[in-house]
1. Give me the residue from region 315-343 that is more than 25 Å from the chain's Cα centre (by Cα) and part of a helix (DSSP H, G or I) and, out of that set, farthest from Phe148 (Cα to Cα).
2. Tell me which residues, restricted to region 209-233, are farther than 20 Å from Gly13 by Cα and aliphatic (A, V, I, L, M).
3. Among the numbered criteria (1) surrounded by 22 or more Cβ atoms within 10 Å (Cβ to Cβ); (2) among the hydrophobic types (A, V, I, L, M, F, W, C); (3) in a helix (DSSP H, G or I), which single criterion is violated by Val32?
4. Restricted to region 363-378, and to residues that are in a loop (DSSP other than H, G, I, E, B) and of a type in the set (A, V, I, L, M, F, W, C), which residue is surrounded by the fewest Cβ atoms within 10 Å (Cβ to Cβ)?
5. Give the residue that is surrounded by the most Cβ atoms within 10 Å (Cβ to Cβ), with candidates limited to residues of region 219-242 that are small (Gly, Ala, Ser) and either in contact with a Gly (Cβ under 7 Å, 6 or more places away or on another chain) or outside the structural domain of Phe459 (by TED's automatic domain parsing) (or both).
6. Does Gly296 satisfy the condition of being modelled with pLDDT of 95 or more, out of contact with any helix residue (DSSP H, G or I) (no Cβ under 7 Å at 6 or more places or on another chain), assigned by TED's automatic domain parsing to the domain that holds Pro427 and not aliphatic (A, V, I, L, M)?
7. In region 197-227, what count of residues is obtained for those that are assigned to a loop (DSSP other than H, G, I, E, B), more than 24 Å from Gly437 (Cα to Cα) and touching a strand residue (DSSP E or B) at 6+ places or on another chain (Cβ under 9 Å)?
8. Among the numbered criteria (1) in the same structural domain as Gln328 (by TED's automatic domain parsing); (2) of a type in the set (A, V, I, L, M, F, W, C); (3) in a helix (DSSP H, G or I), which one does Ile488 miss?
Amino acid sequence: MNTIYDVIVVGSGNAGMSAALAALEITERVLVIEKASFEDASGNTAYSAGSMRCTIDNTASINQLIDGYADPRLSVTRFPIYTRDDFLADLTQYNNGSPPTSNQLKLVDASYEALLWLRSKGVLFEPNYDAQATKTEGGYSFWGGSIFRCVGEGLGLAESQRLAFLEKGGAVRYSCSAQHLVIVDGRITGIRVKNSDESESVLKAHSIILASGGFGANKEMLSQFVGADVSNALVRGTRHNTGDGLRIAFKAGANPFGIYEGCHIVPTGITVENGSFEGLSKKQRLRARKVCYHLGVMLNKEGRRFVNEGADFRNSTYAQYGRDIMLQSDSVAYQFFDAKSIPHLYDEYNLSKIDYFESESLDDLISQINNIDAEIALKTISEFNASVDDAVVFDPSVKDGKGARGLTPPRTNWAQCLDTPPFRAYPVTGGITFTYGGIEINADGAVVNRDGAIIPRLFACGEIVGGVFFNGYPSGAGLTSGTVFGRIAGYSAANSSRQAHEIMSF
């Protein structure tokens, strides 16, 4: 006799596994199906830095999340309070003046509880000293609103969730791709899948949760919905996010929702040899990001600045500036630093010498870059140096107001003259992580159709859900969103399945 699962979750990333773990709190027969092999599973979660943003009301809130974490730096660290209003402001600054959506309000209000819940499932957190703290005279100071990351980064989160799910009796089927929903008499009764041997079969279930990501690895969809410039972006994350779940949902009548022209693209390093990072491991791809542009100057091939590098902390600009790079000639830019700024760069800037050009003089450095207008580049840097406000003290732990006056684009923070050798230039392009457009859900995570009614027994969470992110993204909010909406979908799907049991029993 064929098993009828209570809940089937499509996708094994953070959102899918959060949904699966939540469902197991209510029901028993929960199956996760994953398009990728075991080695390549966990979606974009496995490629992430594991940063998770949440509200922080007091010191006790911090201690609860890092209980048991031992680090001598803790006693000399200043952790800022991060209120609901702070999070909402960081999230909605990209809404083009529109008020927060219901999904955004839910994300913020449930963010801290979501991390506590993950902690109860065995996920460990640590302060993200590497990316979010600045060493000060008295110790360390966190900035930018995002404090925590998962121990082991995204891979650590994925493994903790997988082990917790299996320990509670859940099952995962790899190399199993969803094809379409099975609908009988208007009710979803299961899902047709393609197995590892290319055979197809039907898995029966009382409820289905789509947690299959967006379309960041589908060049055709990127070109159609986001723009032709983005279709050539390097794929930072999983190559399996090709829009399959969206196709399945639309066929079932789901309502498209959110900003389809929006996506998360970050400045991403390319080697000076071949301009690619194909063949790199998950961790190497993560380390390919280059997001310390706010400490230097970023030029395009024409030798001109094209963004305000210091408009805000990189948390609030990196997902936008990657797109801006894609709009430049050949989708390439160069980040310039000198000996004063190099010590402040993230470790990922020092992994390999084939990632950057270096010289004791700016003239020689720029001459090494074959496809940049050297004359204009030198002029741009000279004008930048002459405009730096030397009266303001450089302080990377705050928006220090140390700008460069009279420039276009402006420069408002962390401006330092590029005048101290050695000098470095890092070639960068845009690397896409995920897309913002998706499908509509209601407050219970149920998928909404084009008429505004729910599609019974169909739920969704993660990147496939629209209406969370619009024209930008504060770092660490993506994983938190996956857990917040994963829990909602998991609980709702399990309750829906239980109701189906009761009807059948009656």
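1. Filtering first and then ranking leaves Ser329.
2. Within region 209-233, the first condition is being farther than 20 Å from Gly13 by Cα, and the residues that meet it are 219-233.
Selection gives Met221, Leu222, Val226, Ala228, Val230, Ala233.
3. Just one mismatch for Val32, condition (3).
4. Keep residues of region 363-378 that are in a loop (DSSP other than H, G, I, E, B), which gives 368-373.
Subsequent filtering for residues that are of a type in the set (A, V, I, L, M, F, W, C) retains 369, 372.
On the way: Ile369: 19, Ile372: 22.
Per the criteria, the residue is Ile369.
5. Restricting attention to region 219-242, the residues satisfying the condition of being small (Gly, Ala, Ser) are 223, 227-228, 231, 233, 237.
Going one step further and asking which of them are either in contact with a Gly (Cβ under 7 Å, 6 or more places away or on another chain) or outside the structural domain of Phe459 (by TED's automatic domain parsing) (or both), we end up with 233, 237.
Values: Ala233: 25, Gly237: 27.
Among those that are small (Gly, Ala, Ser) and either in contact with a Gly (Cβ under 7 Å, 6 or more places away or on another chain) or outside the structural domain of Phe459 (by TED's automatic domain parsing) (or both), it is Gly237.
6. Working: modelled with pLDDT of 95 or more: yes; out of contact with any helix residue (DSSP H, G or I) (no Cβ under 7 Å at 6 or more places or on another chain): yes; assigned by TED's automatic domain parsing to the domain that holds Pro427: yes; not aliphatic (A, V, I, L, M): yes.
Answer is yes for this residue.
7. Residues of region 197-227 that are assigned to a loop (DSSP other than H, G, I, E, B), as a first pass: 197-199, 211-218, 227.
So of that shortlist, the ones also more than 24 Å from Gly437 (Cα to Cα) come out as 197-199.
Next, only the ones that are touching a strand residue (DSSP E or B) at 6+ places or on another chain (Cβ under 9 Å) stay: none.
Number satisfying all stated conditions: 0.
8. The single condition Ile488 does not satisfy is (1).
The values are calculated or read from the model by the stated rules, or taken from the named source; none is laboratory data. All of these numbers come straight from a predicted model, not from anything done at the bench. Using ideal geometry, Cβ is built from the backbone for each residue, glycine included, and neighbour counts are taken over all protein chains shown.
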